[in-house]
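Structure, as structure tokens:
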Amino acid sequence: MFQSERLELVGLRTIKPPWRTARSGLRLPALLFLCAAGACAAAMFAPGVAPAQDKGTLNPEPLPPLAHPDDPKNLAKEAFGRMMTPAAMPPRPIGSYAKGCLAGGAALPLTGPNWQVMRVSRNRNWGHPSLIAFLERLASQAPATGWRGLLLGDMSQPRGGPMLAGHASHQIGLDADIWLTPMPDRELSRQEREEMMATLVVGESRKEVEPKVWTPAHVALIKAAAQDPLVARIFINGAIKKALCRDAGSDRRWLHKVQPWYGHDWHFHVRLQCPPGEKECHGQPPRPLNEDCQTKDLDGWIELPKPGANPDAKPAPPPRPGPRVSELPAACRQVLKVP
């Protein structure tokens, strides 16, 4: 969910998996390509590790204020991670999915007729009004797909921007994570929303979905999301994309929007297009219209389990600090300043 999403900042027309070699791990041309695109560090993470689910907390503690909150040299994640309310401005997404912010953010209610927000303590149930409308629309369609309702993970922070932990994207209010676990037939308690874990859909071999978990309703829900005209792309585990290709049936026009991606084995990530007329919003080129269902296209996204712990393995590098406020679009400084 998290480490693999660092690669999402590569806003290219299509992204193929960085094919590995036994000796070097990555072919040099693929590695140089990703480095040139600004994702070199992300390209070198160990793809065999499936990012774990994180629990929330029942007692979130407020962060201490920044010594100089208006300093543009502050790390953007430190500034935006402290914003508990939206900017009182007309709604608009500013910048790109992985380098921007959100003005006039709207909150999705924590509980709706066909949805429940999970990990409430994160305060990440915010988005552009078009995202709120999409999620409410998809939730209303869920029962017809055989899915009782949506369990919703991270959207954006109240003012978007980089997060203290987690995603590299989700910064402009147009991304949302939807659990691949159907909503129970009751309202979950606050503790359940913070601690309940989503169901892993990928089997132990990591090559296929788990047949005891995978259902036609999974296909129908993802299809309903992909068919929405506002959806630009959906990120999903490679094994799940493989199952979608197998089970899609005769209507396959929506499959091109589904992009295999590392992680995403217990949720799928929906990304909307920039709303019409929003000139400060920088989207990605449309996905190619081909299905991407060939075995050669999918196998590189399959995350095989590690054969065993390597005692000589180097520890994972510390998280990258991310951009400073000054490195975001200039309009984001105003988003931080307004009440």
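Among Met197, Met89, Met83, what is the fewest-to-most ranking by other Cβ atoms within 10 Å? Please report the intermediate quantities before stating the final value.
Working: Met197 13, Met89 16, Met83 20.
Fewest-to-most ranking of Met197, Met89, Met83: Met197, Met89, Met83.
Partners of Lys337 within straight-line reach, counting aspartates and glutamates whose Cα lies under 13 Å from its Cα and excluding those fewer than 8 residues away in the same chain: Asp70, Asp71. Here the 3J(HN,Hα) profile of the range 149-154, calculated from phi with Karplus coefficients 6.51, -1.76 and 1.60 at θ = phi - 60°, is x, 9, 9, 9, x, 5 Hz, Gly and Pro shown as x. Give me the log10 of I(q) over I(0) for the range 86-307 at q = 0.07 Å⁻¹, as the Debye formula computes it from C-alpha points; what are the numbers? Summing over Cα pairs of the range 86-307 leads to -0.20.
The distance linking the range 90-120 with the range 189-239 is 20 Å (Cα centroid to Cα centroid, whole angstrom).
Which net charge results when you count Lys and Arg as +1 and Asp and Glu as -1 among the other residues whose beta-carbon is under 9 Å from that of Arg119?
Numbers: positive: Lys55, Arg122, Arg124, Arg193; negative: Asp54, Asp154, Glu194.
For residues surrounding Arg119, the net value is +1.
Amide H to amide H, with H built 1.01 Å from N, His282 comes under 5 Å of Gly95, Ser96, counting only residues 5 or more places away or on other chains.
Considering lysine pairs in the range 86-307 that are 8 or more places apart or on different chains, how many have Cα atoms under 12 Å apart?
Working: Lys207/Lys241; Lys207/Lys242; Lys223/Lys241; Lys223/Lys257; Lys241/Lys257; Lys242/Lys296.
Close lysine pairs found across the range 86-307: 6.
Given 0.36 nm per residue, what is the gain on full extension from Arg137 to Ser205 after removing their alpha carbon distance, in nm? Show your work: numbers first, answer last.
On the way: separation 68, 0.36 × 68 = 24.48 nm, distance 3.51 nm.
Once the chain is fully extended between Arg137 and Ser205, it gains 21.0 nm.
Distance distribution P(r), the range 55-192, all Cα-Cα pairs, bin width 5 angstrom from 0: 2, 11, 19, 22, 19, 14, 8, 3, 2, 1, 0 percent.
With a simple spin-label model that places each label point 7 Å from the Cα along the Cα-to-Cβ direction, the separation between Asp299 and Met89 comes to 4.9 nm.
Here, each number is a calculation from the coordinates, and none is a lab measurement. Keep in mind it's a predicted model, so treat the numbers as computed, not measured. Don't worry about glycine lacking a Cβ; one is built from the backbone with ideal geometry, like all the others, and counts go over all protein chains shown.
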